[in-house]
Amino acid sequence: MTVTIERSEHIAAITIRRPEVRNALDMPTVTALAAGVRETGGDPDVRAILLAGEGTAFSSGADLRTASAEALADPAARIDDFHSLIRAIVDVPVPVVAFVDGPAVGFGANLALASDLVVASDRAYFQMAFARLGLVSDGGGTWMLQRRIGTARAMEMLLLADRIPAETALAWGLVNRVVPAADGLAAARDLALRLTRGPSRAFARLKQVVRSAGAGTFDGALDAERDAQIDALLGPEVPEGLSAFLEKRDPDFRKVPR
């Protein structure tokens, strides 16, 4: 089994388990990851997803021993398969936290960056290695990199294909937090646990609004925010939030169904 899912405390921990190849992604693994994200995202008891790799690598990207031959045989179909995984992470209605320990290379880097929050260990690094193979970035990397770190740094990562260590990734805005490797998975889980206490319905709409705002106009962003806010105001989470405010306590959104 190359992908495992463990559910506890309203968190679905999805782990890539191919440490012998630094969690390189072959087609069965890509398919299992996409299915796992969609399945757990549809589970009303799951309020956050934690994505990680087993061992000392997040993912070294596509498994070139198998994926390259498959891609050459039917490029469009294989790229669509990989992209379906990215779409699953972006579209899933619950927050996704990626924990990156060690390398996140090529499609593996884009897999992490598709998540909503990225926690990196102090031994992590990111590398857009596509150009070393004569390839261009796929998996949404060209879109995500520009919006996270700007065009100049995105071009540097894509053209030079250098390793970007964790501290540089934090300074550039590529990741949200850098933590000691020994404490990394626990820190990422604590962050996911914090998200489980939040307003899941509002989070789902917020993900949609933020993604659409990055690609549209200012007026379009205002319209999307208006629609999302109306949905929130008429939903079941606002009463709990207002009650908590008036009672001077922390809101408990977990008692509100997703």
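Details
- Put a plus charge on the Cβ of each Lys and Arg, a minus charge on the Cβ of each Asp and Glu, and nothing anywhere else: the dipole of the range 200-255 about its Cα centre is then about 240 debye.
- Spatial offset of the range 94-147 relative to the range 149-172 amounts to 11 Å, using the alpha carbon center of each.
- Taking Cα centre as origin and charging only the Cβ of basic (Lys, Arg, +1) and acidic (Asp, Glu, -1) residues, the dipole magnitude of the chain rounds to 300 debye.
- Farthest toward positive dipole pole in the range 3-196 [+1 Lys/Arg, -1 Asp/Glu at C-beta], among Ala186, Ser84, Thr142: Thr142
- On the basis of the beta-carbon distance and an R0 of 22 Å, Glu6 and Ala35 show a calculated FRET efficiency of 0.90.
- Antiparallel bridges, percent of DSSP beta bridges restricted to the range 1-67 (to nearest 5): 45 percent
- Based on alpha-carbon atoms, the Kirkwood radius and the radius of gyration of the chain give Rg/Rh equal to 0.98.
- Linear extension gain, Leu133 paired with Lys255, 0.36 nm per residue minus alpha-carbon span: 38.9 nm
- Approximate spin-label separation Asp80-Gln208, in nm, with each point projected 7 Å along Cα-to-Cβ: 2.5 nm
- The modelled label-to-label distance between Leu242 and Gln229, using points 7 Å beyond Cα along the C-beta direction, is 1.5 nm.
- Mean shadow area of the range 118-258 over all directions, Cα convex hull, nm²: 11.0 nm²
- Rounded to 5, the percent of DSSP beta bridges in the range 3-196 classed as antiparallel: 30 percent
- Entry note, the chain: relative contact order of 17 percent, from Cα contacts under 8 Å with a spacing of 6+ residues.
- Shape category assigned to the range 200-255 from the gyration tensor of Cα positions, a/c cut at 1.5: prolate
- The distance between label points at Met155 and Ala181 comes to 3.5 nm (points 7 Å beyond Cα on the Cα→Cβ vector).
- Rounded to the nearest 500, the 222 nm mean residue ellipticity of the chain from helices alone is -15000 deg cm²/dmol, with -39,500 (n - 2.57) taken per DSSP H run of at least 4 residues.
- If you wrap the Cα atoms of the range 1-125 in a convex hull and average its projected area over all directions, you get 7.0 nm².
- Over the C-alpha trace of the range 79-135, radius of gyration and Dmax come out as 12.1, 36 angstrom.
Every number in this text was worked out from the coordinates using simple rules, so none of it is lab data. For clarity, every value in this text was computed on a predicted model and none was experimentally measured. Every residue, glycine among them, receives a Cβ derived from its backbone with ideal geometry; neighbour counts consider all protein chains shown.
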